[in-house]
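The values are calculated or read from the model by the stated rules, or taken from the named source; none is laboratory data. Because the structure is a prediction, the values reported are computed rather than measured. All Cβ positions, even for glycine, are placed from backbone atoms using ideal geometry, and neighbour counts span all protein chains on display.
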Amino acid sequence: MSDAGTNAGGAKTGGRRGFGTKIGFIMAAAGSAVGLGNLIRFPYITGEYGGGAFVLVYIAAVLLVGLPLMFSELILGQQGKSGIMGAIRNLTSHCGIASTIMSISTGLLAVITCCMFLAFYSVLGGWTLHYLFGSIGFPGVEIALSKEAFEGFQKNLQLNIVWHSVFMLLTTLVVAGGVQNGIERLCNLLMPMLILFLIGLLGYVAYEGWLNQAVSFLFTPDFSRLSPKAFLDALGQAFFSLSIGMGTMVIYGSYMKQRGTVVRDGVAVSFVDTGIALLGGMVIFSILFSAGQKPDQGLGLLFVTLPNLFAELPAGSVLSIFFFALVVFAAWSSSISLLEVPVSFLIEEFNLSRRLAAALFGLAIWGLGMGCAVSLDFLNQLDSIVSLYLLPLGGMLVAIIVGWMVKADPRDQGFTGRDSGASPLSRCWLFTLRFISPVLIVLILLYKFELLDWLLASSK
Ligand code: TRP
């Protein structure tokens with residue numbers, strides 16, 4: 001069935017496409033991680049939960065659950081040399097029937113999750129296209145500059161349908177043509193530009209004296225604002241933003257050289273991802289507070305605040321085009337990595353051609369996404385099911401597989417980059433992966449469903 005030499009770049013080359021440079025790998029994986037999760041979803045949920053305390057819980061989730069799982073997914077791919085289902089099968093074959101059960105269930109879960117994820121993600125991606133074309137001044141495409149106008153835009157079914165279709169088509173074409181490589185190379189250029197652009201904006205808001213309030217909002221914890229759901233939301237956001245929990249990072253890991261540690265790259269990707277979320281948050285909230293507005297503005301934060309700033313700046317329209325082009329690329333490179341999971345599943349497990357696989361899933365996801373394009377409720381529901389339950393569930397399975405089932409040799413080799421033996425750091429990681437990450441995920445779920453109190457009370 002699976003050919004370990006079938007790679008996600010399309011051709012069956014007998015060997016996986018490698019990344020020429022370390023920084024090239026980091027930028028490509030960061031291209032998947034950095035997306036609308038950082039620029040739309042992070043400020044949106046942080047605003048809902050009142051800032052500081054949520055940011056703290058979010059960072060804890062990244063460190064205690066996100067990072068160990070990022071390493072695990074990269075190691076699965078690097079040592080298993082395949083997409084998620086094949087990699088689990090290759091690395092746990094000594095476990096007999098447990099290997100079959102785990103590889104099939106985790107692999108299928110990843111495929112289903114990616115499809116549901118991309119369905120709503122593509123609608124959000126469509127909004128970024130709308131804003132890019134609006135900035136360019138495309139006839140008939142207008143940018144909403146107030147919260148109310150943006151809500152009107154969100155409910156405009158025709159626009160949603162058109163932009164979602166265009167965005168999905170762009171994603172499918174790239175994956176069908178197997179030219180992700182090109183987009184990823186472009187990301188090498190665009191990712192640093194996005195960072196520089198945000199730093200430039202940060203400098204501007206600091207110069208105007210708007211930054212203080214945003215910094216104290218984001219970094220002064222007020223724990224009274226945290227509900228049980230906040231913990232689950234922070235966990236879900238960590239999975240969403242780092243691109244973990246459904247096999248995307250396994251594919252990137254499978255491109256890595258088999259010798260060498262995944263730790264540095266995993267840390268770099270997570271650092272860039274979290275840094276961009278915080279940078280974006282500081283800029284967006286500075287602008288918002290300077291206009292005397294409240295932080296709980298919903299999904300429109302990015303779309304309403306920044307265009308308002310651009311409208312005031314000299315050369316604002318050029319800045320607006322430039323900025324939304326960067327955001328479109330960030331969303332596009334993420335959506336490509338999402339579609340790649342089901343497509344490489346069909347290629348590896350069923351020997352389908354890349355074009356057919358991309359067309360089939362592209363069409364199915366477009367259809368499901370139509371539901372999100374016409375109903376914001378459905379979009380939010382899909383987002384919740386995926387981020388709050390399916391991604392953590394997928395992450396927990398990966399923690400169990402890498403923590404308990406994969407043999408020590410490949411596991412430690414991937415972590416330390418050495419031929420044999422564990423290191424103090426790898427033992428720490430293994431402990432976290434075996435005991436802390438999965439237990440935290442279960443506890444947070446129990447807490448959210450108010451089962452924790454009940455369990456504690458009934459055990460007395
Ligand atoms: N991380 C991306 C974002 O922040 C979204 C994404 C791409 C993703 N691939 C993923 C999320 C895989 C979870 C799993 O926008």
Do we have I195 as of a type in the set (V, I, T), within 16 Å of the ligand (Cβ to nearest atom) and surrounded by fewer than 23 Cβ atoms within 10 Å (Cβ to Cβ) here? yes
Applying the selection to the range 81-130, what residues are of a type outside the set (A, V, I, L, M), in a helix (DSSP H, G or I) and away from the ligand (no atom under 16 Å from the Cβ)? G86, R89, N90, S93, H94, C95, S99, T100, S103, S105, H130
Condition met for G369 (within 16 Å of the ligand (Cβ to nearest atom) and either in a helix (DSSP H, G or I) or buried (at least 24 other Cβ atoms within 10 Å of the Cβ) (or both)): yes
Counting only residues that are aromatic (F, W, Y) and either near the ligand (Cβ under 9 Å from one of its atoms) or surrounded by 24 or more Cβ atoms within 10 Å (Cβ to Cβ) (or both), the range 330-344 contains a total of 0
Go over the candidates S437, S420, S387 one by one and state the one that is in contact with a Pro (Cβ under 8 Å, 6 or more places away or on another chain), hydroxyl-bearing (S, T, Y) and modelled with pLDDT under 95. S437
Are any of the residues in the range 222-235 within 17 Å of the chain's Cα centre (by Cα) and under 29 Å from L309 (Cβ atoms)? yes
Is there any pair linking a residue in the range 346-361 that is over 23 Å from S122 (Cα atoms) and surrounded by fewer than 22 Cβ atoms within 10 Å (Cβ to Cβ) to one that is polar (S, T, N, Q) and modelled with pLDDT of 95 or more, with Cβ under 8 Å and at least six apart or on different chains, and which? none
Helices (runs of 4 or more DSSP H) contained in the range 201-264 and holding at least 1 residues within 16 Å of the ligand (Cβ to nearest atom): 228-242, 248-254
Residue set L279, L288; condition farther than 30 Å from T416 by Cα, part of a helix (DSSP H, G or I) and either in contact with a Leu (Cβ under 6 Å, 6 or more places away or on another chain) or within 15 Å of the ligand (Cβ to nearest atom) (or both); output residue L279
Just checking, does the range 396-419 include any residue being within 15 Å of the chain's Cα centre (by Cα) and in contact (Cβ under 8 Å) with a residue 12 or more places away in the chain? no
Tally of residues being in a loop (DSSP other than H, G, I, E, B) and either touching a strand residue (DSSP E or B) at 6+ places or on another chain (Cβ under 9 Å) or under 30 Å from A315 (Cβ atoms) (or both) across the range 131-175: 11
For K81: the one exception among (1) modelled with pLDDT under 95; (2) surrounded by fewer than 21 Cβ atoms within 10 Å (Cβ to Cβ): (2)
For the subset of the range 291-324 comprising residues that are within 25 Å of the chain's Cα centre (by Cα) and assigned to a loop (DSSP other than H, G, I, E, B), which member is farthest from F217 (Cα to Cα)? Q297
Going by what's in this entry, would P424 be described as crowded, with 17+ Cβ neighbours inside 10 Å and not acidic (D, E)? no
